[in-house]
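Reading through the structure tokens given below for one structure.
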Amino acid sequence: MVAVSAYGSVARGRSYPLVCTSMLYKNAVRLQNLVLGTHMAGYIFVSPKSDPGMGLPLLDPLLGGGRRPTMGTCRPDLRRYVQVGGSIFVISGSLGKHISQYVIGGLDVDSKLDSQLEAFEKYPENRLNFDGKGVRSGNIIVTAAGEQHERDSHTKFDTRIKNYLEGSNPIVLESPAEIELGRSRSLDILARVFDKPKAATIREIIGRNRKLSDKQVGLLREALSQLKIEARNG
């Protein structure tokens, strides 16, 4: 029997003291899963109407910008299913056949907050906001009183505000060069990751969403890292 302490020490038959970081915890859980032959669930999904490269910001999950990655409003089903130590990746929405979809990025899941009410106090910068032009930002739709924000139109509010994901290790294609490479390579990358060499579209591979194994998470993260390096080196 492999035992894992709350912060990642691994031992046979006993747990070690709580002395390690969350990163070590996740690595230890991955090791435990390998030993036991189990897997942490990762997921990849398409975010309709999101395409940062076309000026349509990704509202959830929140990636990049130097802040901790989080996910709190979109896809309550996936937020419920994903395990701590798993990963979430997101693909841009379809904008027609002349604009290729691409893998925007992803995050590792460190922890889950039971409700957005906790997130409301912890991440004030992520509260729903609209700028002077009416552009929306933020992935916390609850108010201080626990009600749904008056300008939010999501359905199933009580279910939607559960399982606010706190993440780490964000990877995101942000620069124009990264996004351009992402558009040209994402179909091939996903075809390799999911062993679908004959797929002609991302929809054929992913549909609305798809589960990822630990191995597939690693392959996808490595591919995105290589894209970023290539974009940086010109």
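None of the figures in this text is laboratory data; all of them are computed from the coordinates on show. Computed from a prediction, not measured in an experiment: that's the story for all the values here. Neighbour counts run over all protein chains shown; Cβ positions are idealised from the backbone, glycine included.
Of note:
- The distance between label points at GLU204 and ASP77 comes to 2.4 nm (points 7 Å beyond Cα on the Cα→Cβ vector).
- When the trypsin sites (Lys or Arg not before Pro) in segment 65-102 are filtered for DSSP coil states and for at most 10 other beta-carbon atoms within 10 Å of their beta-carbon, the remaining sites are LYS97.
- Table column - 3J(HN,Hα) (Hz), segment 197-206, Karplus curve with 6.51, -1.76, 1.60, x for Gly and Pro: x, 9, 5, 9, 9, 5, 4, 4, 8, 9
- Residue-wise HN-Hα coupling along segment 184-194, computed from phi with Karplus coefficients 6.51, -1.76, 1.60 (Hz; x: Gly, Pro): 7, 10, 4, 4, 5, 4, 5, 4, 6, 4, 9
- Value of D in µm² per second that Stokes-Einstein yields for segment 44-119, Kirkwood Rh from Cα pairs, at 37 °C (0.692 mPa s): 249
- ASN129/ASN233 FRET efficiency (R0 35 Å; Cβ-Cβ; nearest 0.05): 0.45
- With 0.36 nm allotted per residue and the present C-alpha distance subtracted, the SER94-ALA177 stretch has 27.9 nm of extension available.
- Less than 5 angstrom separates the built amide H of SER111 from those of GLU166, all sequence-distant by 5 or more or on a different chain.
- Using θ = phi - 60° in the Karplus curve 6.51 cos²θ - 1.76 cosθ + 1.60, the 3J(HN,Hα) couplings for segment 149-160 round to 4, 4, 9, 9, 10, 4, 8, 6, 4, 4, 6, 5 Hz; x is entered for Gly and Pro.
- Applying 1/(1 + (r/R0)^6) with R0 = 45 Å to the Cβ-Cβ distance of SER213 and ASP152 gives a FRET efficiency near 0.85.
- ASN163 long-range amide H proximity, modeled H, under 5 Å: SER115
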